[in-house]
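K.L.:
Here it is, the structure in full.
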Amino acid sequence: MEHHPKPAVPAIVTLGGVQILSWGGSFYLMAVMANPIVAETGWSQQWVYGALSLGILVSGLLAPLSGRLIAGSYGRALLASSGAVMALGLVIMGFSHHLLLFLFAWLIIGIGMAMGLYDALFATLGTLYGGQARGAITGITLISGFCTTLVWPGTALLIHWLDWRGACFAIAALLCLTVLPAYWYALPVPIKPIVKTATKQHNASGELAPALFWLLCSIFTLASVIMTAISVQLISLLQASGHSLTAALAISAILGPCQVGSRIVDIAFKRGHPIWTTFFSVGLVAIGLLLLTLFPQFALVSMVLYGAGNGLRAIVRGTLPLVMVKPEAYAIVVGRMARPALIGQALTPLVGGYVFQQLGANATLWLLCLLALVNMVLVGVLKQKLPAPNPQPQKGAVN
């Protein structure tokens, strides 16, 4: 299968920027907007955050469909349309005066998330560029690593100026104006004709051995669950460990820079097999969580380690499958792998909240440590099952 030459730097910067807008207008929105919504509407916080879980769940259920569409050369159109779908959800959200309509808005936003976040973009890049997509994926995650640093203060400012409903309309307008032209500019038209690609979809989906597929699914799902639990509960866990709110906020602020820093380091070692990046990712996460659990006074060091490991997670998600399957199978495999990870993310706030409430912060941390250690074992098993390295990753499908 013929592929485009690797993308230019301006295209990678554009894709990273549009991912910041897409994540900020969906997945990361409620971190800033939930409290103003609860204050104005009187809806319970559980229902408001539950709407985000609904969006993530819908995104997970639709991920395999997105993968099939991308494998059929519709990736560019899917990504370009995602901004309008997210914007529609945000407009409905802004007009929501009843909880049911608010939940419906997040159902629509969830569809947009399945169309326009990392999984869809990485699958499209793999289909367009084959093995050359690795550099683009690393560059995009490096830029979008600044997402929360930019979108949380920006969203808070919009809420201050326009209230939360006005902020929904403003973010919707921004998505409508930027997402489609950005993808149209940054992504080339697929070389392969749509019909020809579609005829190979069924064969492509079987390129990865079931044992390897489920190992990858388990590794990515556990990593996503840990990331979601920490994102939701870190402040509470740090406070329960004896840190003040101010100290907890300061410690949690280190995560963003550490994630970006680890991605810069990965660029220096981009010629290595992604399995080693995966080892570093799960290993640093496990060491960081164990350090936080056993020595809470070293919380800052533990979060530096955890942040570095979690920063590599986004890269591994795109690059590890890329060296294990043929490019034409990549979109389908990534789409199928995204479903359990996103469903796990959707359920994590509910399960994590229950464990924290019933058993306390220490038990929650030990549970996360156990999951992180299991993930290290799974990566070790995957390493043993991988075939001998191939000098041309795009041709090294696992049969």
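The values are calculated or read from the model by the stated rules, or taken from the named source; none is laboratory data. Here the structure is a predicted model, which is why all the values come from computation and not from measurement. Using ideal geometry, Cβ is built from the backbone for each residue, glycine included, and neighbour counts are taken over all protein chains shown. Heads up: the accessible areas ignore ligands, DNA and RNA and are worked out on the full protein's heavy atoms, side chains in. Shrake-Rupley method; radii C 1.70, N 1.55, O 1.52, S 1.80 Å.
K.L.:
So what's the chain giving for Cα Rg divided by 2.2 N^0.38 Å, two decimals?
P.N.:
In units of the 2.2 N^0.38 Å rule of thumb, it is 0.95.
K.L.:
Give me the extension gain from residue 9 to residue 40: residue separation times 0.36 nm, minus the current Cα-Cα distance, reported in nm with one decimal.
P.N.:
Computed gain between residue 9 and residue 40 is 6.8 nm.
K.L.:
May I ask you to give the percent of accessible area on the chain that is carbon plus sulfur, with a probe radius of 1.4 Å? Walk me through the numbers before you get to the answer.
P.N.:
On the way: 11810 of 16830 Å².
Carbon plus sulfur share of accessible area: 70 percent.
K.L.:
Using alpha-carbon pairs under 8 Å, 6+ residues apart, how would you state the relative contact order of the chain in percent?
P.N.:
Here the relative contact order equals 26 percent.
K.L.:
Follow-up. Among 327, 349, 296, whose mean-square fluctuation peaks in a Gaussian network model of the chain (Cα, cutoff 10 Å)?
P.N.:
In this elastic network of the chain, the residue with the biggest mean-square fluctuation among 327, 349, 296 is 296.
K.L.:
Take the Cβ-Cβ distance between residue 377 and residue 157 as r, set R0 to 56 Å, and report the resulting FRET efficiency rounded to the nearest 0.05.
P.N.:
0.80
K.L.:
In whole Hz, what ³J(HN,Hα) sequence does region 326-332 give by Karplus (6.51, -1.76, 1.60; θ = phi - 60°), x for Gly and Pro?
P.N.:
Once θ is set to phi - 60°, the couplings for region 326-332 become 5, x, 6, 8, 4, 4, 5 Hz.
K.L.:
Enumerate the calculated ³J(HN,Hα) couplings along region 35-46 in order (Karplus 6.51 cos²θ - 1.76 cosθ + 1.60, θ = phi - 60°), each rounded to whole Hz, writing x wherever the residue is Gly or Pro.
P.N.:
Those phi angles translate into 4, x, 5, 4, 4, 7, 8, x, 5, 5, 4, 4 Hz.
K.L.:
Ordering 115, 86 from largest to smallest accessible area (1.4 angstrom probe), what's the sequence? Could the numbers behind the result be given before it?
P.N.:
Details: 115 25, 86 0 Å².
So the residues, ranked largest to smallest area, are 115, 86.
K.L.:
So for region 1-121, averaging the separation of alpha carbon pairs under 8 Å that are six or more residues apart and normalising by length, what relative contact order in percent results? List each step's numbers first, then the result.
P.N.:
Working: 119 pairs, mean separation 39.7, N = 121.
The value is 33 percent.
K.L.:
Related question: Quick check: with the 1.4 Å probe, what order do 185, 74, 28 take by accessible area, largest first?
P.N.:
Sorted by accessible area, descending: 185, 74, 28.
K.L.:
Accessible area per residue, 1.4 Å probe, Å², for region 62-192: what's the number?
P.N.:
I get 37 Å² per residue for this part.
K.L.:
Springs between alpha-carbon atoms under 10 Å, Gaussian network over the chain: tell me which of 272, 131, 154 tops the mean-square fluctuations.
P.N.:
Its mean-square fluctuation being the largest, the pick is 272.
K.L.:
What do you reckon, how do 231, 96 stack up by accessible area (1.4 Å probe), largest on top?
P.N.:
So the residues, ranked largest to smallest area, are 231, 96.
K.L.:
Might you tell me the accessible area per residue for region 229-344, computed with a 1.4 Å probe and given in Å²?
P.N.:
For region 229-344, the per-residue accessible area is 38 Å².
K.L.:
Let me ask another. Can you run phi through the Karplus equation (6.51, -1.76, 1.60; θ = phi - 60°) for region 105-111 and list ³J(HN,Hα) in whole Hz, with x for Gly and Pro?
P.N.:
Working through the residues one at a time gives 4, 6, 5, 5, 4, x, 4 Hz.
K.L.:
Now for a separate question. Per the helix-only calculation at 222 nm, which mean residue ellipticity applies to the chain, given -39500 (n - 2.57) for every DSSP H run of n ≥ 4 and division by its residues, nearest 500 deg cm²/dmol? Could the numbers behind the result be given before it?
P.N.:
Working: 17 runs with 320 residues, N = 399.
Only helices count here, giving -27500 deg cm²/dmol.
K.L.:
Another question, then. So which trypsin sites (Lys or Arg not before Pro) in region 228-327 pass both tests, a DSSP loop state and at most 16 other Cβ atoms within 10 Å of the Cβ?
P.N.:
Listed in order of number, the matching sites are 270, 271.
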